[in-house]
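*Asks:* So that we are looking at the same thing, I have put the structure below in structure tokens.
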Amino acid sequence: MVRIIKYILYDILRTRFILLYTLFLLVCTVAMYQLDTDTGKVTMSLMNIVLMVIPLVSIVFTTIHFYNSYEFIELMLAQPVNRKVIFLSEYFSTALSLCVAYAVGTGLPVLIYGFNPSSLTLLYSGLMLTLVFVSLAFLASVLTRDKAKAIGITLLFWFYFSLIYDGLLLWVVYTFSDYPLEKLTITLIAFNPVDLARIMMLLKLDISALMGYTGAFYQNFFGSFLGTAFSSGILMLWIILPLFIAMRIFSKKDL
């Protein structure tokens, strides 16, 4: 598996996309710290990049890379190599390259200019979202042989989790505002990794007071060890479950 991962990583780096992605994150992060000395405001700005750009780039790049590697995958399947080994090698190589790009492009400037608990939460959330959307991209890629259709599915995933789900959640909150919805809202947030990461970062920025009683409830829950363990556990499920389903489909699929 190690040799396969090395070859795939080399193939990914040859495209230079990862280098450009790293440079883009680096320039954006450094520029924000140069424009504003308030690390809290910078973290808020970076949070928007993490919640919108990171999932989009991760899911689209992974899908395109998977289909560009189809000939290599078919070649490896002709060899005495287990399908799961090939699939996991593709996943780990893609996820590792995107995580390293994020860690270097955003992580290094954050650690240099604004090292604090909120920035660490920002880095952690970005890495977890990268892994989540890489898993979702692999799931979409094994569902169909049509590259355009797979990209459409991945964009639908991103659009739903980043935009549509928030609208549905707000509709539920406003419709049933006369009822205690704190516990229900936490349950609904668990079904969206982007919202889960957003809540974690907002509470680390100490602005929960602006959210009223609900914010205080979230602070008590997500700010505790139980809340942190819950958030990390749910994000891990979002990584593992799509990946496991995709691997099962890939193992039985006739390529």
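*Asks:* Subtract the Cα-Cα distance of SER162 and ILE240 from 0.36 nm times their separation in residues, and report this length gain in nm to one decimal.
*Replies:* Values: separation 78, 0.36 × 78 = 28.08 nm, distance 2.00 nm.
Difference between extended and current length: 26.1 nm.
*Asks:* Compute the label zone of LEU108 within the range 10-33: residues whose backbone N is under 12 Å from the point 7 Å along Cα-to-Cβ.
*Replies:* The answer is 22-27, 30, whose backbone nitrogens lie closer than 12 Å to the label point.
*Asks:* Okay, moving on. So between CYS28 and LYS84, what do we pick up on full extension, going 0.36 nm a residue minus the alpha carbon distance?
*Replies:* Answer, rounded to one decimal: 16.4 nm.
*Asks:* Normalising by the residue count of the range 9-139, find the relative contact order in percent from Cα pairs under 8 Å and 6+ residues apart.
*Replies:* Values: 95 pairs, mean separation 57.8, N = 131.
In percent, rounded to a whole number, it is 44.
*Asks:* Rounding to the nearest 10 and keeping the result within 0 to 90°, find how far the Cα-based axis of helix 2-14 lies from the longest principal axis of the chain.
*Replies:* Taking Cα atoms only, the helix is inclined about 80 degrees.
*Asks:* Follow-up question, since we're still on this one. With each run of n ≥ 4 DSSP H residues scored as -39500 (n - 2.57), what mean residue ellipticity at 222 nm is computed for the chain after dividing by its residue count and rounding to the nearest 500 deg cm²/dmol?
*Replies:* Mean residue ellipticity, 222 nm, calculated: -26500 deg cm²/dmol.
*Asks:* Rounded to the nearest 10 degrees, what's the angle between the helix 193-204 long axis and the longest principal axis of the chain, both from Cα atoms, 0 to 90?
*Replies:* Between helix and principal axis, roughly 40 degrees.
*Asks:* So, one more: Past the 26 Å Cα-Cα mark, which pairs from LYS84/LYS147; LYS6/LYS149; LYS84/LYS149; LYS41/LYS183?
*Replies:* Exceeds cut-off: LYS6/LYS149; LYS41/LYS183.
*Asks:* Label-point separation (nm) for LEU19 and ASP36, each offset 7 Å from Cα along Cα-to-Cβ?
*Replies:* For LEU19 paired with ASP36, the spin-label model returns 3.2 nm.
*Asks:* Return the distance in nm (one decimal) between the two label points of a simple spin-label model at VAL53 and THR175, each offset 7 Å from Cα along Cα→Cβ.
*Replies:* Here the modelled spin labels are 3.6 nm apart.
*Asks:* Something else now. Taking the Cα centre of the chain as origin, sum charge times position over the Cβ atoms of Lys and Arg (+1) and Asp and Glu (-1), and report the length of that vector in debye to the nearest 20.
*Replies:* 780
*Asks:* How large is the charge dipole for the range 11-147, taken about the Cα centre, if only the Cβ atoms of Lys, Arg (+1) and Asp, Glu (-1) carry charge, to the nearest 20 debye?
*Replies:* Using only the charged Cβ atoms, the result is roughly 140 debye.
*Asks:* Now for a separate question. Between LYS6 and GLU74, what is the label-point separation in nm under the 7 Å Cα-to-beta-carbon projection?
*Replies:* Reported label-point gap for GLU74 and LYS6 is 2.8 nm.
*Asks:* Suppose R0 equals 35 Å. What FRET efficiency, 1/(1 + (r/R0)^6) with r the Cβ-Cβ distance, do LYS183 and ASN116 give to the nearest 0.05? Please report the intermediate quantities before stating the final value.
*Replies:* Numbers: r = 30 Å, r/R0 = 0.86.
Efficiency at R0 = 35 Å is approximately 0.70.
*Asks:* Mean separation of Cα pairs under 8 Å and 6+ residues apart, divided by the residue count of the chain: what relative contact order is that in percent?
*Replies:* 26
*Asks:* On to the next question. Any chance you could give the angle, 0 to 90 degrees and rounded to 10, that helix 83-102 forms with the longest Cα principal axis of the chain?
*Replies:* The angle comes out near 50 degrees.
Only the coordinates and a few stated rules stand behind these numbers; no lab work does. This structure is a prediction, so every number in the text was calculated from the model and none was measured. Counting neighbours? That spans all protein chains shown, and the Cβs are built from the backbone with ideal geometry, glycine included.
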